[in-house]
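The values are calculated or read from the model by the stated rules, or taken from the named source; none is laboratory data. Source: prediction; values computed, not measured. Using ideal geometry, Cβ is built from the backbone for each residue, glycine included, and neighbour counts are taken over all protein chains shown. Only protein heavy atoms, including side chains, enter the accessible area calculation; ligands, DNA and RNA are left aside. Shrake-Rupley method; radii C 1.70, N 1.55, O 1.52, S 1.80 Å.
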Amino acid sequence: MIKRKDSLANWILPAGFEDMGPRQAAALEGKRRELLDLFASWGYRQVIPPMLEHLEGLLTGSAVDLDLETWKVLDQASGRVLGFRSDMTPQMARIDVQMARDDEARRLSYAGTVLRARPDALGGSRAPFQVGAELFGVGSADADLEILSLMVESVQRCCPGTELVLDLGHVAIPQCLAEASGLGQQDREELLRLLERKAWPDLRQLLQADAVPAQQAEAFHALAELHGDHEILARARQRFASYPVILRALEELDFVWQVLVQRYPQLSIRADLAEMQGHRYHTGMLFAVFSPQRGAAIARGGRYDGVGKAFGRYRPATGFSLDLRPLLRDLMEERSSPRVWAPGGSDPSLWQAIEDLRAQGYTVVQDLAGGAPAQALPAGFDACLVAEGGRWKLAGHEPEFPFSAS
């Protein structure tokens, strides 16, 4: 006989994994469909890459940073090491290169589970459900603006009525200062890692230890203060007037900022010119959407030109993604279609009434017990289908239901 404690152990899922019940699954699937339809209305066509690929393809180029997050298995057929995707963007870049003709723009979207060897946060999921969109072949700020707008509208649909804050950054700004510091390659990489973590005391110590000229060191100190509202862009222009690369980056940020304020007046926008998250991966603008109710970003994105170079072709690229799993609690609060309880039986008129209701978007559950019609509305239902005067009608808590059938 199997001991009880052993049988219970078989039910325990690995850390970072969990089942989704019917309500969670319905909420996630409904929002997945809604977002993919939104992307399609903007011209983004869905692709479905495989869960497993050869490890080299998943970790090519700048995606090598995903190595520690990638689950690895041995392919018994070929003897090669495979990896479970931990992010879909490298797969999108590969698909774009395979589809590319000339320098045409390509808009792709995706939705699916990714697997992480390590959770993003303590107690977080190791199986995020990632939904996103990528725009390839356009290197201008107009492309970043389109992706930004699509990201904002996606988050608005996932978090209706929620106060949203958009964070903007640009990796060219701190990278330009790092290159002007006179540090060697190894020290520059360490400086950028410290900047990514916002480890300002350690960064100051590095600048002092390597005797970085005072002008360049002061530029980094100034960068630490450049975060906030739109006026910091003007302050940055004055402070970095001698850096053409930084001025171009500030022009791009100003352009998207001005347009987004017009398109989404309720959206709070702020900038952090020291933002460097994913600097080994991104090549230009960075963006993320937050809400005061959540500590982590709801959606993230940015420009990552050249990611397709490892697959044989350099392509400008910008995109964003979000994880639907952390939003499930809010998504389940959205009102679903009305639920109707129908009596049992195979009467043709009853069946036709049920089919008509389902065609109108109602959820209809038939009483297969075959008992008498319910005297009270069963829990979890909004209405009952009842026979009245030779016709089937809806009756329930709602004052009126727009349905009747003979």
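Let's see how each residue does on (1) under 27 Å from Glu251 (Cβ atoms); (2) β-branched (Val, Ile, Thr); (3) modelled with pLDDT of 85 or more:
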| position | (1), (2), (3) |
| --- | --- |
| Ser140 | yes, no, yes |
| Pro160 | no, no, yes |
| Asp167 | yes, no, yes |
| Gln185 | no, no, no |
| Arg188 | yes, no, no |
| Gln208 | no, no, no |
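Name the single residue that is modelled with the highest pLDDT among those in the range 1-40 being of a type in the set (Phe, Trp, Tyr) and open to solvent by 50 Å² or more (accessible area, probe 1.4 Å).
Applying the filter and picking the extreme gives Phe17.
I'm told Val114 meets every condition in (1) touching a strand residue (DSSP E or B) at 6+ places or on another chain (Cβ under 7 Å); (2) touching a residue at least 60 places away in the same chain (Cβ under 8 Å) except one. Can you identify the failing condition by its number?
Result: Val114 fails condition (2) only.
Take the range 299-350 and flag every residue that is closer than 30 Å to Val364 by Cβ and basic (Lys, Arg).
Across the range 299-350, the qualifying residues are Arg325, Arg329, Arg335, Arg339.
Output the number of the condition that Arg157 fails; it satisfies all remaining conditions of (1) surrounded by fewer than 19 Cβ atoms within 10 Å (Cβ to Cβ); (2) free of Cβ contacts under 8 Å to residues at least 60 places away in the same chain.
Arg157 satisfies every listed condition except (2).
Take the residues in the range 249-279 that are small (Gly, Ala, Ser) and open to solvent by 20 Å² or more (accessible area, probe 1.4 Å), then tell me which one is nearest to Glu153 (Cα to Cα).
Ser268
Go through the range 323-342 and give me each residue that's touching a strand residue (DSSP E or B) at 6+ places or on another chain (Cβ under 7 Å) and either open to solvent by 10 Å² or more (accessible area, probe 1.4 Å) or farther than 22 Å from Arg294 by Cβ (or both).
Hits for the range 323-342 are Asp323, Arg325, Ser337, Pro338, Arg339, Val340, Trp341, Ala342.
In the range 108-126, what residues are in contact with a helix residue (DSSP H, G or I) (Cβ under 8 Å, 6 or more places away or on another chain) and modelled with pLDDT of 90 or more?
Result: Leu108, Ser109, Tyr110, Ala111, Arg116.
Given the options Ser125, Ser109, name the one that is open to solvent by 30 Å² or more (accessible area, probe 1.4 Å) and either closer than 30 Å to Met20 by Cα or among the small types (Gly, Ala, Ser) (or both).
Answer to the check: Ser125.
Go through the residues of the range 200-220 one by one and say whether even a single one is within 28 Å of the chain's Cα centre (by Cα) and within 25 Å of Leu247 (Cβ to Cβ).
Checked against the condition, which is being within 28 Å of the chain's Cα centre (by Cα) and within 25 Å of Leu247 (Cβ to Cβ), the range 200-220 yields no hits at all.
Run Glu196 past the list (1) out of contact with any strand residue (DSSP E or B) (no Cβ under 9 Å at 6 or more places or on another chain); (2) in contact (Cβ under 8 Å) with a residue 60 or more places away in the chain; (3) open to solvent by less than 30 Å² (accessible area, probe 1.4 Å); (4) farther than 22 Å from Ser41 by Cβ and report the number of the one that doesn't hold.
(3)
Could we say that Ala100 is in contact with a Gly (Cβ under 6 Å, 6 or more places away or on another chain) and either open to solvent by 40 Å² or more (accessible area, probe 1.4 Å) or closer than 23 Å to Phe311 by Cα (or both) here?
Considered against the rule, which asks whether it is in contact with a Gly (Cβ under 6 Å, 6 or more places away or on another chain) and either open to solvent by 40 Å² or more (accessible area, probe 1.4 Å) or closer than 23 Å to Phe311 by Cα (or both), Ala100 comes out as no.
Pro50 is checked against (1) modelled with pLDDT of 85 or more; (2) surrounded by 12 or more Cβ atoms within 10 Å (Cβ to Cβ); (3) at negative phi and fails just one. What number does that condition carry?
(2)
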